[in-house]
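The values are calculated or read from the model by the stated rules, or taken from the named source; none is laboratory data. Computed from a prediction, not measured in an experiment: that's the story for all the values here. FYI the Cβ positions are ideal-geometry reconstructions off the backbone, even for glycines, and counts take in every protein chain you see. Note: accessible area is taken over every heavy atom of the protein model, side chains too, but ligands, DNA and RNA are not part of it. Shrake-Rupley method; radii C 1.70, N 1.55, O 1.52, S 1.80 Å.
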Amino acid sequence: MSTLRSRKIVLAARPVGEPRTSDFKLIEEELAEPGEGRALLRTLYLSLDPYMRGRMSAGPSYAPPVEVGDVMVGGTVSEVLRSSVAGLSPGDLVEGRTGWQTYGITDGSDLRKVDPALGPVSTALGVLGMPGMTAYTGLLNLGQPKPGETVVVAAASGAVGSVVGQLAKIKGCRAVGVAGGQRKCDYVVRELGFDACLDRRSPELAARLKEACPDGIDVYFENVGGAVFDAVLPLLNPFARVPVCGLIAHYNDTAPPPGPDRLPGLMRQVLSKRLALRGFIVSDFAEQHPEFLREVSRWIGEGRIKYREDVVEGLEKAPEAFIGLLKGENFGKLLVRVAS
Ligand code: NDP
């Protein structure tokens with residue numbers, strides 16, 4: 001085999017607070033032989049996702065951290081270059097977890113073949129991938145939206161939130177988004193068809209949200225925490241459902257927020273309104289993947305679900321783009337095009 005050189009981004013240091021570019025390191029090395037029973041993959045797209053911030057820290061989580069010096073974890077869409085894995089042939093397109101690197105070697109157990117007939121292959125990391133599946137399973141299983149109800153979601157122009165709001169519309173609900181800035185809000189209402197969208201940075205967020213939800217909130221799909229949750233909590237209706245999907249406003253926290261202990265107030269609302277808050281990880285619903293793919297690809301084909309991708313060119317841009325994601329600088333599903 002001709003020698004290939006692989007570029008990879010490893011975790012150089014554990015961040016304290018906001019990650020910095022110096023927490024990552026780009027290295028180049030000769031690629032090892034894949035060996036028997038393994039396949040060599042060339043990365044086409046790398047997905048950048050908020051959960052990666054958690055993997056950079058050593059604290060307890062639902063998944064083990066990346067060790068300092070190891071390649072950053074990440075979902076990828078790749079082309080099979082060589083393979084001695086049964087059922088996997090050169091030229092196949094696959095979605096896997098080969099991380100922030102230009103080539104990956106795998107035994108194939110963590111791969112899923114991508115069907116290019118369903119849409120551009122990049123969608124296997126977004127609307128037809130993990131984020132879309134998160135929206136679908138979290139909203140439908142835990143949010144249980146009913147026609148006429150009000151569903152609120154933040155990070156509404158992003159990979160998960162955009163699908164949550166459009167599914168809420170499909171289910172006959174009023175969909176209210178929260179997003180960072182007017183440009184994102186205009187897109188959420190005009191392109192995605194939400195009924196309203198509010199700027200999360202507005203000092204009047206709570207009052208605007210109350211106006212946008214005249215009948216209160218029946219489902220709050222929790223993507224962010226922080227100031228949005230504070231504005232939502234008083235508006236939750238009795239028996240409201242709160243699928244707790246993500247808390248991105250807190251991922252860079254180094255200490256609890258200042259101020260009085262608000263836990264008793266929260267628990268009082270949970271009790272008196274009989275709220276159902278339930279955390280979930282997308283893998284909890286893995287068995288629903290075929291129906292997710294079938295339904296969401298159909299809705300995309302019918303124009304009922306739209307999506308937007310924010311594509312950054314070149315693996316070396318991944319750290320900067322990821323740092324931006326944690327500040328809301330992405331507009332749509334954030335991807336790195338690693339090779340064409
Ligand atoms: P997005 O594509 O929505 O990008 C992240 C967005 O979060 C930013 O664009 C920004 O949107 C918003 N954001 C960033 N910082 C803050 C802040 N301080 N306060 C409020 N909002 C902020 O990401 P995803 O759709 O991939 O992820 C959305 C959420 O879902 C995350 O919390 C993620 O961890 C979670 N998630 C959970 C999964 C699970 O299995 N439970 C699986 C996948 C995702 P804006 O500027 O518009 O506010």
Scanning segment 209-231 for residues that are away from the ligand (no atom under 12 Å from the Cβ), in contact (Cβ under 8 Å) with a residue 60 or more places away in the chain and open to solvent by less than 30 Å² (accessible area, probe 1.4 Å) gives 213, 216, 217, 218, 219, 220
### Message
Any residue at all in segment 44-61 that's at negative phi, away from the ligand (no atom under 16 Å from the Cβ) and either at pLDDT 95 or above or touching a helix residue (DSSP H, G or I) at 6+ places or on another chain (Cβ under 9 Å) (or both)?
### Response
yes
Check: In segment 294-304, is there at least one residue being assigned to a strand (DSSP E or B), open to solvent by less than 40 Å² (accessible area, probe 1.4 Å) and at negative phi?
Finding: no
(1) open to solvent by 10 Å² or more (accessible area, probe 1.4 Å); (2) part of a strand (DSSP E or B) all hold for residue 153 apart from (1)
Selection from segment 175-195 of residues more than 18 Å from residue 222 (Cβ to Cβ) and either among the aliphatic types (A, V, I, L, M) or open to solvent by 20 Å² or more (accessible area, probe 1.4 Å) (or both) yields 182, 183, 184, 186, 187, 189, 190, 191, 192, 193, 195
Can you find a residue that is modelled with pLDDT of 95 or more, more than 8 Å from the ligand (Cβ to nearest atom), among the β-branched types (Val, Ile, Thr) and more than 15 Å from residue 128 (Cα to Cα) anywhere in segment 305-316?
yes
Taking segment 76-124 and keeping residues open to solvent by less than 10 Å² (accessible area, probe 1.4 Å) and not in a strand (DSSP E or B) leaves 99, 100, 122, 123, 124
Of the listed residues (62, 136, 103), the one being closer than 17 Å to residue 294 by Cα and either outside the structural domain of residue 316 (by TED's automatic domain parsing) or of a type in the set (Ser, Thr, Tyr) (or both) is 136
